[in-house]
Amino acid sequence: MKGPGKPHVAAVPFPALGHTIPILDMATLLASHGLTVSYVTTPANVSRVQQPILEAAAKGLDIRLVVLPAPAVRGLPEGHESSDQIPAESTDLIRELAEKLQHPLRPLDRAPIRRRNPSAVATIKFVLGRFQSIGRGSGMLINTFHELEPAHLDHLKNVTDKPVWGIGPVFPPSGSDKVSVRGKMADIGEEELIRWLDSQSPRSVVYLSFGSQTYLTPQQTNALARGVELSEQPFVWAIKIPPRIEPATSDSASFARRYLPEGFQERTKNRGVVIWGWAPQLLILSHPAVGGFASHCGWNSTLESVTQGIPLIAWPMYGDQPFNSKLIADLGAGIQFCQYRDAIPNAERVKEVIRRVLIEDKGKEMRKSAEKMKEKARITVEDGGSSRADLQAFVNVVRELHTKLGKNKK
Ligand code: UDP
């Protein structure tokens, strides 16, 4: 954050898609409130973020892209990076940026951006370090909203004794090219997919997708497919193939042979769409035909589902996902059918939860609760809503700090 001129903030997401996407949306939101934002990322993420940053700049927003160098890592396919091998040039660049913003890093801040350290212990220390840094910051800006998790936000405020600004749900500015932000689809065109969804009844389709970095094994996919087939409900399913397999067998027929029960696609061709790879998730979830979302409960997917009023059919795997699944179940807006990354789902259970969420009377209350959360998510970002108020409060704090730094310089 500089003295004279406009307040300038740096947005430094962890370089994985589940972080680069929402932090870019957040950066755009902050820039639309008059801040200059330096958005820091690595080469593998540039193609995903460049277009929306150009679009934002064309609208007069001041977002700058800062690309950190990332080394080629032996054993990883081209275009892939290891997020735990941060080269020295990158840490120097982040430090330079922080100094430019007149916010020199304190000694403890330096330890998470330590030079190359590929061990798992370092990763755990990194996460712990982030939590410790909460206490040393001026506050926390979070992509959530008060009505979704009031107790958690209040608890964070109490334990840190700092402001906690819940400004979510934060999404791309309306009208932006969502697919180019999030990647291109293989196999089926976006228009064809939308046409197919248009042909389905309201809230009748289950969408299945487990985030940007979870690859189900052929055995897990097969079990899930049996449940999907037994449910007899329409579906859209984004199946991710690990990059080490993708180049070797890169056509959908061979993926289907490896991952799906024999004849699955033929038998379900009139009521289902399989997308091998990246799906335009927001576009799908915001379509009125979609009525259930089978998800790993990554935070972004959870928020996207809540915002669209779609009950979650949860298979949390690790990290925060079990907590997110519980949060949604406690709100009555979802149901868990499986847990852990290496579990094999039970096909009968899959069938049961899909039918409950989409069509059965037993799922009526859940559908209502999801609709109620949708309404709360809409109101919170409007004038008078808590997320709108928190966003304004954060921008005010940044402006005050900016003015103070300017005065100190004189
Ligand atoms: N996403 C998408 N298409 C896909 C998979 C994921 O657009 O095929 C987006 C999804 O909308 C969400 C993000 O990628 O915004 C995934 O983040 P999340 O926190 O749900 O899971 P993660 O990928 O971090 O495990």
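The values are calculated or read from the model by the stated rules, or taken from the named source; none is laboratory data. Every value quoted in this text rests on a predicted model; they were computed, and no experiment measured them. FYI the Cβ positions are ideal-geometry reconstructions off the backbone, even for glycines, and counts take in every protein chain you see.
Of all the criteria given as (1) closer than 27 Å to ALA151 by Cβ; (2) touching a helix residue (DSSP H, G or I) at 6+ places or on another chain (Cβ under 7 Å); (3) within 16 Å of the ligand (Cβ to nearest atom), the one not satisfied by LEU331 is (3). I'm trying to understand the selection: among the residues of segment 12-24, which are under 15 Å from ILE167 (Cα atoms) and more than 9 Å from the ligand (Cβ to nearest atom)? Scanning segment 12-24 gives ILE23, LEU24. Modelled with pLDDT under 95 and within 16 Å of the ligand (Cβ to nearest atom): does that describe PHE210? Considered against the rule, which asks whether it is modelled with pLDDT under 95 and within 16 Å of the ligand (Cβ to nearest atom), PHE210 comes out as no. Scan segment 384-400 and give yes if some residue there is in contact with a His (Cβ under 9 Å, 6 or more places away or on another chain), at pLDDT 95 or above and surrounded by fewer than 18 Cβ atoms within 10 Å (Cβ to Cβ), otherwise no. Looking for residues that are in contact with a His (Cβ under 9 Å, 6 or more places away or on another chain), at pLDDT 95 or above and surrounded by fewer than 18 Cβ atoms within 10 Å (Cβ to Cβ), one finds at least one in segment 384-400, hence yes. Condition test on ARG48, is it among the basic types (Lys, Arg), modelled with pLDDT of 90 or more and touching a Ser or Thr at 6+ places or on another chain (Cβ under 8 Å)? It is false that ARG48 is among the basic types (Lys, Arg), modelled with pLDDT of 90 or more and touching a Ser or Thr at 6+ places or on another chain (Cβ under 8 Å).
On the given criteria, is LEU224 surrounded by 16 or more Cβ atoms within 10 Å (Cβ to Cβ), farther than 27 Å from THR20 by Cα, within 16 Å of the ligand (Cβ to nearest atom) and at pLDDT 95 or above? Taking the combined requirement at face value, the residue satisfies it.
Please verify whether PRO7 is more than 21 Å from PHE171 (Cα to Cα) and modelled with pLDDT of 90 or more, treating the condition exactly as stated. It would help to see each step written out before you state the result.
Numbers: more than 21 Å from PHE171 (Cα to Cα): yes; modelled with pLDDT of 90 or more: yes.
Yes; evaluated as a whole, the condition is true for this residue.
Of all residues in segment 268-319, those satisfying the criterion of being more than 12 Å from the ligand (Cβ to nearest atom) and among the charged types (D, E, K, R) are LYS269, ARG271. Looking only at residues in segment 200-237 that are touching a residue at least 40 places away in the same chain (Cβ under 8 Å) and among the small types (Gly, Ala, Ser), the one that is nearest to ALA44 (Cα to Cα) is SER212.
Within segment 280-301, residues that are aromatic (Phe, Trp, Tyr) sit with their Cβ atoms under 7 Å from residues that are more than 8 Å from the ligand (Cβ to nearest atom) and not in a loop (DSSP other than H, G, I, E, B), at 6+ positions apart or across chains, in these pairs: PHE293/TYR207; PHE293/SER305; PHE293/LEU312; PHE293/ILE313; TRP299/ASN324. Suppose the filter is surrounded by 20 or more Cβ atoms within 10 Å (Cβ to Cβ), free of Cβ contacts under 8 Å to residues at least 40 places away in the same chain and within 21 Å of THR20 (Cα to Cα); does ASN324 pass it? Yes; evaluated as a whole, the condition is true for this residue.
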